[in-house]
Structure formats: structure tokens, C-alpha cells
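Everything on this sheet refers to the single structure shown next.
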Amino acid sequence: MTFYSRLGVRQVVNAAGYLTEFGGCVMPFEVIDSMKSAAAAHVDMHELHGAAGARLAAMTKNDAAYVTSGCAAAIVLAVLGAITKGDPRAISRMPEGKDMATGVVMHTAHRIPYDPAVRLAGGHIVQIGNTQQTFDWELDAALREGVAAVLWVAGSHLAQGALDLSTTVRLSHARGIPVIVDAAAQLPPHNNLWHFTRDLGADAAVFSGGKELHGPQASGLMVGTGEFIEAARANGSPHQRLARALKVGKEEVAGLVTAVELFLRRDHDALAAHWEEIVSKWTAELSGVPGLTAERAYPNAAGQPVPRVRVKVDSVLIGVNSDELRARLWEEDPRILVLRGDADSFFITPHTLAESEAASLIDRIAYATRAASGAR
Ligand SMILES: *Cc1c(COP(=O)(O)O)cnc(C)c1O
């Protein structure tokens with residue numbers, strides 16, 4: 001009996017993507033093992049954060065690293081770090097930050113549902129440009145007194161109107177303002193763990209532990225310069241300061257370190273080829289299901305270089321549209337989660353599925369499709 005079945009909660013076969021609402025990712029047994037081991041003993045959390053940070057920094061070719069309780073939490077801590085510079089007197093004045101520089105510059109093209117994290121940190125967003133274009137003088141004009149940082153969001157799925165990161169870093173650093181990169185879901189490619197910071201000069205980049213890293217769902221990773229990470233860390237748990245509310249446990253620290261080790265050791269090319277294989281197989285199998293047509297789509301909804309399949313639903317032939325078919329899949333046990341495209345289509349992805357789930361997914365979709373046409 002699983003814990004979920006004990007509560008009468010159905011498991012989800014997740015063919016949609018890494019979504020917090022549906023449990024983030026699942027962890028390899030090595031990650032679970034390291035969390036179990038960490039859970040069994042007391043430890044000095046300052047010492048653990050220091051050692052884990054050093055290990056993560058070495059693995060990701062960065063000066064420093066810090067484990068947080070998620071990527072949104074990492075944004076809060078990074079903004080707090082930029083505003084307070086780690087000074088305990090400044091930290092004690094947050095989140096009001098009266099008379100302090102609390103502005104965080106963001107491109108309009110980079111406004112995302114996660115950016116309230118800036119306000120949670122006592123920051124206020126200074127928005128520049130529009131979804132289609134931003135001029136360098138607009139950024140330069142915004143980098144004035146009262147601004148603590150620039151938050152730059154990475155991902156090919158975003159509107160294309162932002163200045164590139166190199167230009168953003170050059171202009172910001174010329175005015176002494178640090179740049180934070182939200183790269184929550186920008187893995188693969190694995191070298192993004194150092195690309196934004198070491199290659200392109202951002203002061204910090206933040207990632208979700210509960211997406212492609214396959215770490216604990218409530219973990220995040222901040223990498224960057226020693227000075228920036230120190231300032232962020234000074235705001236967080238185990239200190240009794242504002243971001244104590246974003247406490248990360250010893251178990252998450254252990255799990256994330258192990259997850260990043262495994263992630264960097266995995267054969268990324270072989271895995272990419274494996275995903276392509278599943279996508280071709282699915283496309284071929286779906287061509288045998290009356291009422292459904294399928295084609296490969298790329299990249300995915302989070303802008304990751306991961307292939308997926310767009311399934312088009314012929315509602316005249318089947319009698320239900322894509323939304324109704326998705327609702328039927330969701331009512332199965334286990335639930336089957338696919339990603340909405342529009343009223344006529346949905347997406348399925350291989351990268352969040354176990355081998356056995358990927359192997360039987362099309363059968364389950366075919367079954368639900370036949371049931372829907374039969375019920376007509
Ligand atoms: C998922 C995501 C976040 C939030 O990450 P959590 O680890 O769930 O806190 C922030 N920014 C972007 C762009 C994301 O995709």
C-alpha cells in the first residue's frame with residue numbers, strides 16, 4: 001500500500017511536464033537514500049549549508065552555491081541579498097525597506113507568474129520595454145538610484161522583446177547593479193548551471209530542484225559569486241530573520257546535492273536520443289487510433305530542448321473535444337495528466353514519465369478515446 005492510497009488519493013501518470021501542482025518531479029532512489037540518511041541525525045545547519053554550497057559550487061563550476069526551498073524562494077533570497085547586501089542592520093529593516101534601494105528592474109517580456117517573489121522580498125518591480133522590444137537606453141535609464149538588482153528570466157518560451165543577457169549584464173555592472181537570472185526550468189542543457197553566471201557574468205542564477213534536477217520538490221539552487229551568495233544567505237534560515245519563513249531542511253539540502261551529482265553524471269546525449277525514440281514511437285502508435293492525429297513538437301512549454309507530441313482530436317469523429325478527452329483521462333485511476341494545447345489538441349511529453357508509464361501511455365489514451373466514441 002502506498003502512502004497516497006492510504007489517504008485515498010490517486011496517483012498521477014504525468015505526461016504534461018514538471019508542475020508544482022502535480023508533485024514537481026519524482027526522485028531517483030539515490031536522492032531518497034541521501035534524504036533518509038540526513039534525516040536520521042542532528043547537524044549544524046550553518047556547517048551543512050557551507051559544505052553543501054561548496055560541493056555544489058565545485059560541481060557547477062561556480063564560485064558559490066546555496067540550497068533554498070524552491071526557485072521562487074531563491075528569487076526572494078536573491079532580491080533580499082541584493083537589497084541588504086547581507087548587512088544585519090539592513091536585513092532587520094526588511095521587508096519595509098524604508099529609504100533603501102528596493103527597485104528590481106524587469107523587462108516587460110520577462111514578467112511571469114512567479115515575480116510576486118520580488119514583492120515578498122520587499123522589492124518593487126521597475127518595468128522596462130514592451131513584449132516586442134526593449135532599447136538599451138531604457139535599461140540604462142532605469143538603472144538609477146533606488147534600484148537594487150535586475151531580474152532577467154531565461155527561456156525560449158518567453159516573449160522575445162528583452163535585451164540579451166550579455167547586454168543586460170554589461171549595462172547593469174557599469175552602474176554597479178547585480179543581475180539575477182531566473183533559470184528555474186532551463187535544464188537541459190546541463191551547462192546552463194554555469195553558463196549564465198560564469199560564461200555570461202550574471203551575479204546569480206536560480207534553478208528549481210523539483211524539475212529536471214529530480215531533487216526534492218521543495219528545493220531550489222542558487223549559484224553565483226561568493227559575495228552575492230553570502231549576502232543572500234545572511235537573510236535565510238537558520239538565521240532568525242525575514243526569510244526564515246523559507247526554511248530549507250537538512251533533508252532537502254542532502255537531496256539536492258545528490259540530485260545535482262546524478263544530473264551532472266547522466267548521459268545527456270543518450271537521454272535526448274531516448275526521448276526522441278519515445279516520441280517517434282508514440283507518433284506511430286497514435287496514427288493507428290481513429291480520431292487522433294499526432295506530430296512531434298519542439299521545444300516544450302517551458303522552452304526546454306525536449307521533444308514532445310502534439311495530439312489533435314477530431315471531435316466530429318470521436319464525439320468529444322480535447323478538453324473532454326483530457327477530463328476523461330484525468331478521471332482514470334491512476335489519473336493521466338496531459339498538457340492542454342487548445343480545445344482541439346493536447347501535448348504529451350516523455351521526460352516526466354517512468355519507462356513503464358511511457359510504454360503504456362498510448363494504450364491508455366486509445367482506450368479512453370474508444371470509450372468516448374462508444375459513449376456517444
Ligand atoms: C517553476 C518556475 C519558478 C518557481 O520554481 P519553484 O521551484 O517551484 O519555486 C520560477 N520561475 C520560473 C520561470 C519557473 O518556471
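Just to check your reading of the model, which residue among D342, D323 is of a type in the set (D, E, K, R) and modelled with pLDDT of 95 or more?
Result: D323 is the single residue among D342, D323 that is of a type in the set (D, E, K, R) and modelled with pLDDT of 95 or more.
If you scan the range 65-86, which residues turn out to be more than 20 Å from the chain's Cα centre (by Cα) and surrounded by fewer than 24 Cβ atoms within 10 Å (Cβ to Cβ)?
Selection gives K85, G86.
Between V260, V206, which is within 16 Å of the ligand (Cβ to nearest atom), assigned to a helix (DSSP H, G or I) and among the β-branched types (V, I, T)?
V260
What's the number of the only condition in (1) farther than 30 Å from D33 by Cα; (2) among the β-branched types (V, I, T); (3) out of contact with any strand residue (DSSP E or B) (no Cβ under 6 Å at 6 or more places or on another chain) that I278 fails to meet?
It fails just one condition, (1).
Condition check: within 13 Å of G249 (Cβ to Cβ), buried (at least 16 other Cβ atoms within 10 Å of the Cβ) and away from the ligand (no atom under 16 Å from the Cβ). Does A52 satisfy that?
Taking the combined requirement at face value, the residue satisfies it.
Read through the list (1) without any contact (Cβ under 8 Å) to a residue 12 or more places away in the chain; (2) not in a helix (DSSP H, G or I), then give the number of the only condition that A284 fails.
Evaluating A284 over (1) without any contact (Cβ under 8 Å) to a residue 12 or more places away in the chain; (2) not in a helix (DSSP H, G or I) leaves (2) as the failure.
Select, from L317, L325, the only residue that is more than 28 Å from F207 (Cβ to Cβ), surrounded by 21 or more Cβ atoms within 10 Å (Cβ to Cβ) and out of contact with any Leu (no Cβ under 7 Å at 6 or more places or on another chain).
From the options L317, L325, the qualifying one is L325.
In the range 160-176, which residues are assigned to a loop (DSSP other than H, G, I, E, B) and more than 20 Å from V206 (Cβ to Cβ)?
Hits for the range 160-176 are Q160, G161, R175, G176.
Return a yes/no flag: does the range 128-137 have any residue that is assigned to a helix (DSSP H, G or I), hydrophobic (A, V, I, L, M, F, W, C) and more than 14 Å from the ligand (Cβ to nearest atom).
Yes; the residues of the range 128-137 include at least one that is assigned to a helix (DSSP H, G or I), hydrophobic (A, V, I, L, M, F, W, C) and more than 14 Å from the ligand (Cβ to nearest atom).
Could you tell me how many of the residues in the range 177-195 are more than 13 Å from the ligand (Cβ to nearest atom), under 19 Å from L264 (Cβ atoms) and buried (at least 24 other Cβ atoms within 10 Å of the Cβ)?
Number of matching residues: 1.
Can you list the helices (runs of 4 or more DSSP H) lying wholly within the range 306-376 that have 2 or more residues being closer than 29 Å to P28 by Cβ?
By residue number, 322-330, 355-374.
Every residue, every condition in (1) under 19 Å from V306 (Cα atoms); (2) aliphatic (A, V, I, L, M), yes or no:
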site: A327; (1), (2): no, yes
site: I336; (1), (2): no, yes
site: G341; (1), (2): yes, no
site: F346; (1), (2): yes, no
site: A354; (1), (2): yes, yes
site: A358; (1), (2): yes, yes
site: A371; (1), (2): no, yes
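Failed condition for R119, given (1) assigned to a loop (DSSP other than H, G, I, E, B); (2) of a type outside the set (A, V, I, L, M, F, W, C); (3) within 16 Å of the ligand (Cβ to nearest atom), with all others met?
All conditions are met except number (1).
Name, by its number, the condition in (1) surrounded by 12 or more Cβ atoms within 10 Å (Cβ to Cβ); (2) aliphatic (A, V, I, L, M); (3) touching a helix residue (DSSP H, G or I) at 6+ places or on another chain (Cβ under 9 Å) that does not hold for V9.
Unmet condition: (1).
Go through (1) within 16 Å of the ligand (Cβ to nearest atom); (2) under 30 Å from S345 (Cβ atoms); (3) surrounded by 24 or more Cβ atoms within 10 Å (Cβ to Cβ) for G24 and report which single condition fails.
Of the numbered conditions (1) within 16 Å of the ligand (Cβ to nearest atom); (2) under 30 Å from S345 (Cβ atoms); (3) surrounded by 24 or more Cβ atoms within 10 Å (Cβ to Cβ), the odd one out for G24 is (3).
Could you check, for the range 141-152, whether at least one of its residues is within 17 Å of the chain's Cα centre (by Cα) and not polar (S, T, N, Q)?
Checked the range 141-152: at least one residue is within 17 Å of the chain's Cα centre (by Cα) and not polar (S, T, N, Q).
Which condition from (1) modelled with pLDDT under 95; (2) in contact with a strand residue (DSSP E or B) (Cβ under 9 Å, 6 or more places away or on another chain); (3) within 27 Å of L158 (Cα to Cα) is the one that V311 breaks?
So the condition that V311 fails would be (1).
If the Cβ limit is 9 Å and pairs must be 6+ apart or interchain, which residue in the range 215-228 that is within 15 Å of H195 (Cα to Cα) pairs with which residue that is in a loop (DSSP other than H, G, I, E, B) and within 11 Å of the ligand (Cβ to nearest atom)?
What qualifies is L221/G209; L221/L213; L221/G215.
Going by the structure shown, is A52 touching a strand residue (DSSP E or B) at 6+ places or on another chain (Cβ under 7 Å) and more than 23 Å from L165 (Cβ to Cβ)?
Here the answer is yes, as A52 does meet what is asked.
The values are calculated or read from the model by the stated rules, or taken from the named source; none is laboratory data. All values reported here derive from a predicted model rather than from experimental measurement. All Cβ positions, glycine included, derive from the backbone under ideal geometry; neighbour counts span all protein chains shown.
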